[in-house]
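Structure, as structure tokens:
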Amino acid sequence: MSRSSPWQEGPDRIETEPGFKPKGVIQVTEKKYVMGNLAIARAADEAGVKLVAGYPGTPATEIVEEFLDCHQVHAEWACNEKVALEMALGASLANVRAMAVMKHNGTNVCTDILMHLNFTGVKAGLLLVSADDPGGLSSQNEEDSRILVHSYANLPVFDPSNAAEAKTMVKDAFDLSEKTRMCFVLRPVLRVCHSRSVIDFKAGRKARSREARWEDDRERYIMSAVEVRELGGIKRPQARHRWLNAKYRELAELFEKSPYNQIEPGNGGIGLIGCGIGYTYIKEASLHFSKSFPVLKLGTLPIPRKMVLEFLKGKRKVVVFEEVEPVVEGLIKQLCQEERVPVKVLGRSGFYASDGELTTQIVIEAVKKADPQVKLVDEVSPRKLDIEVPVRTRTQCVGCAHRPLLYNIKKVARKKKCIVFGDIGCHDAGSFKPMELQSTIYCMGSSIPMATGAYFAGEKRPVISMIGDSTFFHLGLNGLINAAYQGSKQVIVLGDNRTTAMTGFQPHAGSGVNLRGEPAPVVDLEKFGEAIGVSVHSVDPYDVKGTYKVLEQAVMEKGVSLVIASRPCFLQSSRKEPGLFKRVEVKVEESRCNGCMTCINDFGCPALVYDGEEKKVHIEPLSCVKCGMCAEVCRRGAIS
């Protein structure tokens, strides 16, 4: 194949120095056994990316972190995903390859810029990695970002079936982005991001010989409603929309030749269509069937219409396997209607589970339902455990400063009959037993505006919003400004632990360091609150009694009260700055413990264990970190 082919990489300039050094890699001869996220990062590095920006969030976090030691690339944790994508776009227009990385929730935050960059196009290769979490294993929702980036924004999408394919897709995406001038999207799901594969890394690293070079192109880059005379006087947004539609048709034709779309022969009038990881589940399920089904592997959006029509020939029905919405199923149904193809298309829209992750078992059962005559060469069923796994609720780590803070908020909320609006972060575990404090947990930054809305709705009970520092920098700032500007009355409790702890201790604008641990400016939260004009209080959540007094006072104040509860994350500070944490020896005096379980039911430290036989509370020495907070909670003074 010649270099002009979109699927031929051609000769790359390869550096001889060691360069990129992936972490935690088991080397197997000339190949490496790596996690999908590392494969994605390495592929971007080999493709010559010069800027990588993102915001932490499972399952995508490790992609950005793998650039920590790659100093030829500017890598950073941005304040939020919209900022990250806008940075990547700016780099692309300045003629260097760039990548924005986020989970599906973050892609929602990018909607505004997505619906502009799709019209303007890009210059150097631009890749958006939008990692989905089917089943919501580490998210507050499950969604299919293909709907947003493809069905809504009309951007081309690569949907990898495994880690190895994700690597090749990344490299092709950069090349095709430049060929078509479109931003490409890689949409790995959780099992692609966190599964491991043996991947060939022999290609080495591509030299970043390309220099930044800005060239004005106002007809593309200035999205204003001016007339385009050469197109009959239509407005520029319509003209760019016309360009996008033409590009979409061009991509549809291009993807007919894509190696990520393939037909595999089989027997019978029933076909199986696997989209992304759905193909992997089909291949695994096929090991258990007594016959081979025709399979269509789809890894791109737009779908290759001609290839799909070819596959549908001679079929009575097809079953589409995809995560998590019936996106491709709907496109194939539309295609069948347009081309008058009498094939029954089955899938997520009711034929099998319409929510959650796919499993091999789901695929097997769906195929058996579609073809009752199929036989299994062996039975496949989940094996029951010999023992019952104890139920474990979500909770903070032992020693976490959020625990005494939540404990005090709960005390004040009980006394003053407050409504507590929660946000995303470690503190959201306070919405579960034993705290059961927050009444809402929605999305990043939602707590403050929701509390403001409840107040202006006429709610008579005091409202409290609880938000963490990283979430505050992400999307909480606007909520605070609006609450103060509109004259809301509420208490905003800002848990400041100096890091994005929930996703793995990533730094943010209040941490004092950047992604690589280099010194960075610190946003002063107190001065920020004062500049807005709200009442500001600062507390140490380890000061249990002092924190309670401040919270009780704040509830009584007029207007917006900002309570900043500052203490570094215990897990991080105990490792990096052990001098900041003073360990306190604590013990339970059994003669004073009456087994009331207030310390467990109200405070909920996992190191506190109730002995049902003795009807006493004990401290589990292997779990206790000696923070001493439990001694502040016991009303009888039994813990000292």
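Every number in this text was worked out from the coordinates using simple rules, so none of it is lab data. Please read all numbers here as calculations on a predicted model, not as lab measurements. Please note: Cβ atoms are built from the backbone with ideal geometry, for glycine as well, and neighbour counts cover all protein chains shown.
So the values come out like this:
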{"read-out": "Cα gyration tensor, the range 26-207 - rounded (a/c under 1.5), prolate or oblate", "value": "oblate"}
{"read-out": "Antiparallel DSSP beta bridges within the range 386-494, as percent of all bridges there, nearest 5", "value": "0"}
{"read-out": "Phi to ³J(HN,Hα) by Karplus 6.51 cos²θ - 1.76 cosθ + 1.60 over the range 174-183, Hz, x for Gly, Pro", "value": "5, 5, 6, 4, 6, 5, 9, 6, 10, 6"}
{"read-out": "For the chain, calculated [θ]222 nm from helices alone, where every DSSP H run of n ≥ 4 adds -39500 (n - 2.57)", "value": "-9000 deg cm²/dmol"}
{"read-out": "If the convex hull is drawn through the Cα atoms of the range 272-377, its volume per residue in Å³", "value": "89"}
{"read-out": "Using a Förster distance of 25 Å, the FRET efficiency for Lys179-Cys443 (Cβ separation, nearest 0.05)", "value": "0.10"}
{"read-out": "Over the range 582-640: Rg over Rh, Cα atoms, Kirkwood Rh", "value": "0.91"}
{"read-out": "DSSP-defined beta bridges in the range 402-573 - what % are antiparallel, rounded to 5", "value": "10"}
{"read-out": "3J(HN,Hα) from dihedral phi, the range 482-499, Karplus parametrisation 6.51/-1.76/1.60, rounded to Hz, x for glycine, proline", "value": "5, 4, 5, 5, 7, x, 5, 10, 6, 9, 9, 9, 9, x, 9, 10, 6, 7"}
{"read-out": "Lysines with Cα under 25 Å of Lys460, excluding same-chain neighbours fewer than 8 positions away", "value": "Lys410, Lys411, Lys415, Lys416, Lys417, Lys489, Lys549, Lys558"}
{"read-out": "Computed P(r) (all Cα pairs; the range 402-573; 5 Å bins; percent)", "value": "2, 9, 19, 24, 22, 14, 6, 2, 1, 0"}
{"read-out": "Greater than 22 Å apart at Cα, pairs in Lys82/Lys167; Lys247/Lys306; Lys82/Lys179", "value": "Lys82/Lys167; Lys82/Lys179"}
{"read-out": "Of the GluC sites (Glu not before Pro) in the range 172-275, those whose Cβ has at most 14 other Cβ within 10 Å and which sit in DSSP loop", "value": "Glu211, Glu215"}
{"read-out": "Rounded FRET efficiency, nearest 0.05, which uses the C-beta distance separating Thr111 from Ile234 and R0 of 22 Å", "value": "0.35"}
{"read-out": "Likely footprinting exposure, Thr280, Thr598, fewest C-beta neighbours within 10 Å first", "value": "Thr598, Thr280"}
{"read-out": "Beta bridges by DSSP in the chain, antiparallel share as percent, to the nearest 5", "value": "30"}
{"read-out": "Normalised alpha carbon radius of gyration of the chain [divisor 2.2 N^0.38 Å]", "value": "1.08"}
{"read-out": "From phi via Karplus (6.51, -1.76, 1.60), per-residue ³J(HN,Hα) for the range 256-267 in Hz, x at Gly/Pro", "value": "4, 9, 6, x, 7, 10, 8, 9, 10, x, x, 10"}
{"read-out": "Whole-number percent relative contact order across the chain, with pairs defined as alpha carbons under 8 Å at least 6 apart", "value": "10"}
{"read-out": "Taking the range 395-506 and dividing mean pair separation by its residue count, relative contact order in percent (alpha carbons under 8 Å, at least six apart)", "value": "26"}
{"read-out": "Rounded to whole Å, sorted largest first: equivalent-ellipsoid semi-axes of the range 191-283, Cα gyration tensor", "value": "40, 26, 12"}
